[in-house]
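Here is the structure we will look at.
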Amino acid sequence: MTNLQIQLSWDDPATGERREPRLSVPIAFGREFARLPSELRGERVTRMLLNSNEVSRYHALIDWEQNQLVVSDQGSVNGVFVNGQRQTRSVLANGDTVQIGPYMIAVTFSINAPAPVTSPPSTIHFNPNTNLPDPSLPAAPAVTPVGSNFPPPAFQLQQVVVQALHATGLPVDECDYLAVGAGLGSFIWTDLLRLSGVRADKIVALGLEAEPYARYKRLCLNSQIPLYERLRSNSDSCPDNIWGWPSYALREAWHDFTQGKPNSAFRYLWQVFAEPTFVDTYTPRAGNVFNSIDREGKRIGWQQIYRYGRVRAIRKTEDGRYCVAYSRGPRNYAFLITRYLHLATGYPAIQFLPDLQAYREKYQDFKAVVNAYEEHDHVYQQLEQQGGTVLLRGRGIVASRIVQRIYEARKKNRNITVLHLMRSPKPQGNKFQKATRLVKNHYEFQPFNWPKACWGGELRVMLEKASPDERKSLLADWGGTTTADRHDWQYITEQGLREGWYQITFGEVLGVEQGSQNRTITHIREKGLGEMKLEADFIVDATGLDAKVQTNPLLDDLVKHYNLPLNHLGRLVVANNFELVEMRNTKGQMYAAGAITLGGPYAAVDSFFGLQYAALVAVDGLAATRAPGVQRLNTLSSFSQWLKWVFNQPPT
C-alpha cells in the first residue's frame, strides 16, 4: 500500500486560501528538508513544506503501517495534534484533522474508492462596466471583447511608439502622474501627492466610479455593515488625514460632547487609551469615514483629477514613459501617457465555493444561495417575516458580522436558526514566538486581520528585512482566518450556542442540491458520524475576496506581456517602497498598492493604514528621484499642510 494516495485539505494560515493536494504516502512535513533520516532515504518520499516558525525542520510523517494510516511526531518542538489532542503516534481515520503548527490539515482517504473530486474556489467577478458583483460573468473575462480592434496592434510591442498611437486618430493625452483604479488606494496616493506640492492638473485618476470609496461602501453594505455600523479599520488610520490626528475617535467624541453627550464622548476616548486589553478596540462608523473622504476630495480637487475610464492595457513607451489604453464608453477609446503610474485596482472578484457555484449553475437559484458580498437583503427580510434556517460557510470577520445580523433579525422573529458549517475544529490559535492567538468556539480572535505591530512596529521592520521564503513563513504565522476580538460578537455566539439557535457543525461538503419547497440540502461527511444532510432555507458564503493577479484581466495581461514575477500568493512582487522594479522605464516608475501586493514587504496592505504607508514610501521614492513638483514633507511643511487640512483649505 505504499502507493496509497490521500487528500490533504487546509486553509492557508496567511490568506485563508484553500489548499487541497492529493499525495502519495509516505509524506514528510517540515519547514525544510536539508536531509531526511536514513530510514527514509531509500524511499520515494513526498515532501510537504510548511513555512512557519512553529513547524520544525522535519516535523511529522504520515505513512502506511500494517494496513493503517499513521501519523508520527518526529521530535518536533510544538508537537502534532490529532483532532485537538497532542499525539506522538496516532492511527488516522478518514476525516481526521492533523494540526502541525498553524496548519489545520484534514486527511481524507479511501482504500476501495477514489478520493472525492475537488475543484479550486470559484469567483464572482465585478462587472467591468457597472463595477457590481456579477455571477453571470465567466471565470476569466477577456481583456478585449471578441471582435474589438482595441487596443491596437501597437500594444503587442514591448515598447509602444508614441507616434503610432497618434496615427490611430484616437485621443492621446498626457499627464505627469496617473492613478489606475480611482479607489481608496488611488485616492490616498493622490492626496499625498497634493500635500507634497503636485498640482491637481498634473494628476489623473482613471476608474469606473467618481467616489473613491464606492466599491468599498458597496461591499460593506452587502456584507451587512450599514452606514451607522462600525468598520474593522484601525482607529489611527484615516484615509482623509495622513497625520492620523485628530483621529476618528477624537472627532466622534467632540461631536457627541457638543451634542450634550459627555458620557459617550468619554467612552470613545477611553477605548483608544485602554484598547485592546481592557475594552474593545475602537473602530469608526462607516458613514463618518465616507463623509470625511468626501470633504477631503473636495479640498484636493478630486473632481478635477478623476476621469471615467475602463483601463484595457498598460505598456511601456519608447521614450521612457507608460501608455494606458482605456475606454470612455461604448466605442469611445483613448490613450493616456504618463511618467509615473500607480496601480491600486483592489479586489477584482469575490471568492465563491465551487459546490455553491455548481448549485447555482444547475438550479439557476440566486436567491437561496448567496455570497456575503453580494446584495442579499432579501435573505434577512424573509427571515424576519417567515423565520427559517441559514447555513453559514466561512468563519472570518464577515461570517461574524452575518451572525450578528441574524441575531438582530431574531429580535423580530425568534423562529430563526443558524447552522455554521466549518471544515474542521480549531482547538488552538496561531503562534508566533511566545504569543498565541485566542480561540473561542472555533473562532480565532484578533483585533484586526494582522497583529498591530505589522502596521508600524517591529513586525513591519522584520518583514521588510526578510527574504521571500522568510516572508512566506512569517505571513503564515501572523495571518490566517480571524475575526475581531469584540465582546459583543463573542456574547452573541455564546448566547446562540446556549439557547440552541446557533449550532456549529464540522464536515466535508460532498455536494449541494435543491430539495422540497426549494430548500437547499447540503451533503456532508462528518468525522465519526458518516454522511449527513443539512437542510436550510438559505446558504451564505462568507469566505472572502480574491485579489490574485490571474483574476484581474488587466494585471494578468501586464504580467504575461512583461513576464513579471509573482510572489507565493500569486500577487505582484514589489520593492520595499512598493515599486514594480521590473517595470521601470528609464526615468519612468510604476508603483502598486493594496491587496494585489500581499505577500511582499508589508502585511496589512489592504487596510486604510496599509494604503497610507504604501503611498508614503512611494512618494518618498518619487521625491528621491526628483519627480516634478514633489517635495518631501518636513516638519514645517507637514505642519503647514495639517493646518490647511484643519481649516479645509486647498493644499496648493
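Below 11 angstrom from the Cβ of residue 577, what's the summed charge of the other residues (Lys, Arg +1; Asp, Glu -1)? Neighbourhood net charge equals -3. Specify whether the C-alpha gyration tensor of segment 235-282 places it in the rounded, prolate or oblate class, a ≥ b ≥ c being the square roots of the eigenvalues: rounded for a/c under 1.5, otherwise prolate if a/b is larger than b/c and oblate if not. Here segment 235-282 falls in the oblate category. Take every Cα pair under 8 Å whose residues are at least 6 apart in sequence, average their separation, divide by the length of segment 423-512, and the relative contact order is 32 percent. Just one of (1) 75, 66, 51; (2) 91, 66, 41; (3) 74, 55, 54 is Cα extents along the principal axes in Å as worked out from the coordinates here. Which one is it? Label of the calculated value: (1). Listing 10, 245 from fewest to most neighbouring C-beta atoms within 10 Å gives 245, 10. The modelled label-to-label distance between residue 458 and residue 263, using points 7 Å beyond Cα along the C-beta direction, is 4.1 nm. Pairs of Cα atoms in segment 511-643 fall into 10 Å distance bins, from 0 up to the last occupied one, in shares of 10, 27, 21, 16, 13, 8, 5, 0 percent. The modelled label-to-label distance for the pair residue 535/residue 469, using points 7 Å beyond Cα in the direction of Cβ, is 5.4 nm. Phi angles of segment 275-290 translate, via the Karplus equation with coefficients 6.51, -1.76, 1.60 and θ = phi - 60°, into HN-Hα couplings of 6, x, 6, 9, 9, 5, 5, 6, 9, x, 6, 4, x, 5, 5, 5 Hz per residue; Gly and Pro are given as x.
Summing Lys, Arg as +1 and Asp, Glu as -1, what charge do residues with Cβ under 15 Å from the Cβ of residue 11 carry, residue 11 excluded?
-1
Restricting segment 580-648 to chymotrypsin sites (Phe, Trp or Tyr not before Pro) that sit in a DSSP loop and have at most 13 other Cβ atoms within 10 Å of their own Cβ leaves 647.
For a label point 7 angstrom out from the Cα of residue 277 toward its Cβ, which stretches of segment 234-251 have the backbone nitrogen within less than 20 Å? Hits in segment 234-251 for residue 277 at 20 Å: 235-236.
Per residue, the chain reaches -8000 deg cm²/dmol at 222 nm when only DSSP H runs of four or more residues are counted, each adding -39500 (n - 2.57). Between segment 307-356 and segment 372-428, the C-alpha centres lie 37 angstrom from each other. Simple spin-label estimate for residue 442 and residue 229 gives 2.3 nm between the two label positions (7 Å along the Cα-to-Cβ direction from each Cα). Distance from the Cα centroid of segment 451-520 to that of segment 154-169 is 47 Å (rounded to whole angstrom).
With the Cα gyration tensor of segment 5-108 giving a ≥ b ≥ c as the square roots of its eigenvalues, does the rule (a/c under 1.5 for rounded; else a/b larger than b/c for prolate; else oblate) give rounded, prolate or oblate? It comes out rounded by the Cα gyration axes.
Across segment 500-604, the mean sequence separation of Cα contacts (distance under 8 Å, 6 or more residues apart), normalised by length, yields a relative contact order of 15 percent. Extension gain, residue 295 to residue 44, is 84.0 nm, computed as 0.36 nm per intervening residue step minus the present C-alpha separation.
Under a 5 Å amide H cut-off, with hydrogens placed 1.01 Å from N, residue 346 pairs with 595, 596 among residues at least 5 apart or on other chains.
Antiparallel beta bridges, as assigned by DSSP with both residues in the chain, represent about 65 percent of the total such bridges.
Panel order for 242, 300, 188, 100, by other beta carbons found within 10 Å of each beta carbon, from fewest to most: 242, 300, 100, 188. When the Cα centres of segment 530-583 and segment 608-652 are compared, how far apart do they sit, in Å? Value for the Cα centre distance between the two parts: 30 Å.
Find the relative contact order for the chain and round it to a whole percent, using C-alpha pairs within less than 8 Å whose residues are 6+ positions apart. Kindly include the intermediate steps, with their values, before the conclusion.
Numbers: 1321 pairs, mean separation 107.3, N = 652.
In percent, rounded to a whole number, it is 16.
Potential lengthening of the chain between residue 66 and residue 564 amounts to 174.4 nm, from the contour at 0.36 nm per residue minus the alpha-carbon distance.
A straight chain from residue 250 to residue 491 at 0.36 nm per residue would run longer than the Cα-Cα distance by 84.0 nm.
Count Lys and Arg as plus one, Asp and Glu as minus one, and take only other residues whose Cβ is under 13 Å from that of residue 285; the net charge is then +1.
Here, each number is a calculation from the coordinates, and none is a lab measurement. Fair warning: this is a prediction, and the values are worked out from it, not measured in the lab. All Cβ positions, even for glycine, are placed from backbone atoms using ideal geometry, and neighbour counts span all protein chains on display.
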